[in-house]
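Trainee: Dropping a structure here in structure tokens format, bear with me for questions.
The values are calculated or read from the model by the stated rules, or taken from the named source; none is laboratory data. It should be emphasised that the depicted structure is a prediction, and the values quoted were computed from it without experimental measurement. Methodologically, a virtual Cβ is constructed for each residue, glycine included, from the backbone with ideal geometry; neighbour enumeration extends over all protein chains shown. Side chains included, ligands, DNA and RNA excluded: accessible areas come from the protein's heavy atoms. Shrake-Rupley method; radii C 1.70, N 1.55, O 1.52, S 1.80 Å.
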Amino acid sequence: MNPSNILEKTLRRAKRLIPKSLFRAAQPFYHYALAILGALRYGFPSKKLMVIGVTGTKGKSTTVELVNSILEAAGYKTAVAGTIRFKIGDDSRRNMYKMTMPGRFFLQSFLARAVKAGCTHAVIEMTSEGSKQYRYRFVYPDALIFTNLSPEHIESHGSYEKYVEAKLDIARRVLRSGKPRRILVANGDDKETPKFLGLGIPESLTYFLSATPHVSSESGSTFTFMGTEMRTPLPGEFNLANALGAATLAQALGIDTAAIALGIKNLAHVPGRAETVTLAEDHELAREQDFTVVVDYAHTPDSLKAIYGAYGAHRKICVLGSTGGGRDTWKRGAMGAIADEYCDEIILTDEDPYDEDPQKIVADVAEGIKSKKPDMLMDRREAIHAALSRARKGDAVLITGKGTDPYIMGKNGAKQPWSDANIAREELEKVLKSRASQQKSEPQE
């Protein structure tokens, strides 16, 4: 048997046998050992690819997809690993792990398969949890895009400062990678950017949406880059920042402006990220939908404010909870307060309670709502249906918190298979059918 397989089995057996308190103390060694075993087993595949990481609190998944789209427009064969999907060449599969980067040997195996498939570039979404558990050790990045930082995962890391440090450690992976070119592209509008620039990565670049001519709307936006007007079909100013970061990296890699513009234009939507939900174009009821339905992952106060602001011209019916029982409890009231400010109607519902009482989570969110009376419908499908039923011409139904999450997580590890977009589409069809039936039964004047 391969020595790495023997050691892996030994580590797993030890994890089961030793007391939990002792294992927690030994976790750094455990995760580090798995990281080096994975790299040894698969032959350090990241040395054979250009590896581009994306990290930050918001915008990671969309920026990954934008970078990938630009690379494909430039003619490269790519691999993508992130919250939304795992892709190698033309083979793309939904991420069903309920984590951005699964542990064990997943990343090394993924990169090895990408090399075997002939990929030249791998774009990886990098998280603070992955950093904390050494999942990116022995992965050698060529470049990193830093999008922004705001408080998140505070219970897990212990403090905001430790959360920031976990993100900085990802950037240090670039500094220490030994790759011929080591590039950092950082959002100059973010207050934490100086900490990333201070690491001394050889090619450190910044981008500033605040200093870039741009026009944003819910139906797409434009910005000027290197003297060229570029258009993204993605809604909102926050997506302009993501596109600008991807374009800045692409320009540093020597990709021509035309390919950058084409790649940004080609990405028409990102699943679960400001994703517009409609019926199929050939559906008999497709033309009956006269209101907007959007599914978005927004799970922090800043991201919730951004998605609500993007649809500022509409009367808004908002469906939300507070993602993750037992974590980031500080943000619940803040999320409620933002909904109170931006939404015309508010429906609070279940998201991922884990072992916490979901009624308590929703009640905590409701404490931030002062000027409106929210409805509390704990069945998430029922909440979505209610929101769609209330929508009238010109309204926007905004369903936030889950995005592409494949499960609703309950007590004792229970998993309810889920897709906000699919459920919203199913309930939208029911609502439109009901309205069409009512119209037919009404007497003609």
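Trainee: Residue 33 versus residue 109, label points 7 Å from Cα toward the beta carbon: distance in nm?
Mentor: If labels sit at residue 33 and residue 109, their model points lie 2.0 nm apart.
Trainee: Highest mean first, how do 396-406, 269-279, 175-185 rank when packing is the count of other Cβ atoms within 10 Å averaged over residues?
Mentor: With the highest mean Cβ count within 10 Å placed first, the list reads 396-406, 269-279, 175-185.
Trainee: Would you grab the residues whose amide H sits under 5 Å from the one on residue 324? Only those 5+ places off in sequence or on another chain, please, with H modelled 1.01 Å from N.
Mentor: When sequence neighbours closer than 5 places are left aside, the close amide H contacts are 352.
Trainee: Treating the beta-carbon of each Lys and Arg as +1 and of each Asp and Glu as -1, no other charges, what is the dipole magnitude of the stretch 343-388 about its Cα centre, to the nearest 20 debye?
Mentor: Result for the stretch 343-388 is approximately 280 debye, rounded to the nearest 20.
Trainee: Could you tell me which of rounded, prolate or oblate describes the stretch 166-267, using a ≥ b ≥ c as the square roots of the eigenvalues of the alpha-carbon gyration tensor, with rounded for a/c under 1.5 and, failing that, prolate when a/b is larger than b/c and oblate otherwise?
Mentor: prolate
Trainee: Under unit Cβ charges (Lys, Arg +1; Asp, Glu -1), what dipole magnitude, rounded to 20 debye, does the stretch 29-122 have relative to its Cα centre?
Mentor: For the stretch 29-122, the charge dipole is close to 240 debye.
Trainee: Between 438, 417, 359, whose Cα lies farthest towards the positive end of the dipole of the stretch 346-445 when Lys and Arg beta carbons carry +1 and Asp and Glu beta carbons carry -1, centred on the Cα centre?
Mentor: Farthest along the dipole direction, towards plus: 438.
Trainee: If you stretched the chain out fully between residue 371 and residue 76, how much longer would it get, using 0.36 nm times the residue separation minus the C-alpha to C-alpha distance?
Mentor: Extending this stretch completely gives an extra 101.0 nm.
Trainee: Among 215, 61, 386, whose Cα sits farthest toward the positive end of the charge dipole of the chain (+1 at Cβ of Lys/Arg, -1 at Cβ of Asp/Glu, about the Cα centre)?
Mentor: 61
Trainee: Rounded to whole Hz and in sequence order, give me ³J(HN,Hα) for the stretch 273-283 from the Karplus expression 6.51 cos²θ - 1.76 cosθ + 1.60, θ = phi - 60°, writing x for Gly and Pro.
Mentor: 10, 6, 7, 7, 9, 9, 7, 4, 4, 8, 5
Trainee: Rounded, prolate or oblate: pick one for the stretch 226-324, where a ≥ b ≥ c are the square roots of the eigenvalues of its C-alpha gyration tensor, a/c under 1.5 means rounded, and failing that, prolate if a/b is larger than b/c, else oblate.
Mentor: Because a/c hits 1.5 or more and a/b fails to exceed b/c, the stretch 226-324 counts as oblate.
Trainee: Figure the gain on full extension for residue 165 and residue 288 (residue separation times 0.36 nm, minus the Cα-Cα span) and round it to one decimal in nm.
Mentor: Gain in length upon complete extension: 39.3 nm.
Trainee: Output the DSSP H helices from the chain with an along-axis C-alpha extent of no less than 30 Å and a mean Kyte-Doolittle hydropathy no less than 0.0.
Mentor: Membrane-span-like by this criterion, though nothing is claimed about a membrane: 20-42.
Trainee: Let me ask you something else. With an 8 Å Cα cut-off and a minimum separation of 6 or more residues, compute the relative contact order for the stretch 254-333 in percent.
Mentor: 22 percent
Trainee: Okay, moving on. Excluding same-chain residues fewer than 8 positions from residue 195, which lysines have a Cα within less than 21 Å of its Cα?
Mentor: In chain and number order, the partners are 58, 60, 132, 162, 167.
Trainee: When the dipole is taken about the Cα centre of the stretch 171-214, and only Lys, Arg (+1) and Asp, Glu (-1) are charged at their Cβ, what size is it in debye, to the nearest 20?
Mentor: 380 debye
Trainee: Which pairs, out of 316/393; 331/415; 98/415; 77/98, put more than 21 Å between their alpha-carbon atoms?
Mentor: From 316/393; 331/415; 98/415; 77/98, over 21 Å: 331/415; 77/98.
Trainee: Could I ask something else about it? Suppose a student asked you for the relative contact order of the chain, using Cα pairs under 8 Å spaced at least 6 residues apart; what percent would you report?
Mentor: After rounding, I find 13 percent.
Trainee: Using a 10 angstrom cutoff on alpha carbons, build the Gaussian network for the chain and name the most mobile of 59, 312, 413.
Mentor: With Cα springs under 10 Å in the chain, the top fluctuation among 59, 312, 413 is at 413.
Trainee: Follow-up. Which of 156, 174, 126 sits closest to the plus end of the dipole of the stretch 106-234, meaning its Cα is farthest towards the positive end, when Lys and Arg get +1 and Asp and Glu get -1 on the C-beta?
Mentor: 174
Trainee: Need the list of aspartates and glutamates near residue 48 for cross-linking: C-alpha distance under 16 angstrom, and skip anything on the same chain fewer than eight residues off.
Mentor: Straight-line reach from residue 48, under 16 Å: 142.
Trainee: Now a separate question. Got a number for carbon plus sulfur as a percent of the chain's accessible area, 1.4 Å probe?
Mentor: 51 percent
Trainee: Next question, about the same structure. Skipping prolines and chain starts, which residues have an amide H placed within reach, meaning under 5 Å, of the one on residue 221, given they are 5 or more residues away or on another chain?
Mentor: So residue 221 has HN proximity to 232, 234.
Trainee: Shape verdict for the stretch 105-205, please, from the Cα gyration tensor: rounded (a/c under 1.5), prolate (a/b greater than b/c) or oblate.
Mentor: In terms of gyration-tensor shape, oblate.
Trainee: In terms of modelled amide H atoms, which long-range or inter-chain residues lie less than 5 Å from the amide H of residue 315?
Mentor: Distant-sequence amide H within range of residue 315: 396.
Trainee: With each run of n ≥ 4 DSSP H residues scored as -39500 (n - 2.57), what mean residue ellipticity at 222 nm is computed for the chain after dividing by its residue count and rounding to the nearest 500 deg cm²/dmol?
Mentor: Rounded to the nearest 500, the figure is -13000 deg cm²/dmol.
Trainee: Also, quick follow-up: When ligands, DNA and RNA are left out and all protein chains stay put, how many square angstrom of accessible area per residue does the chain have with a 1.4 Å probe?
Mentor: It amounts to 44 Å² per residue over the chain.
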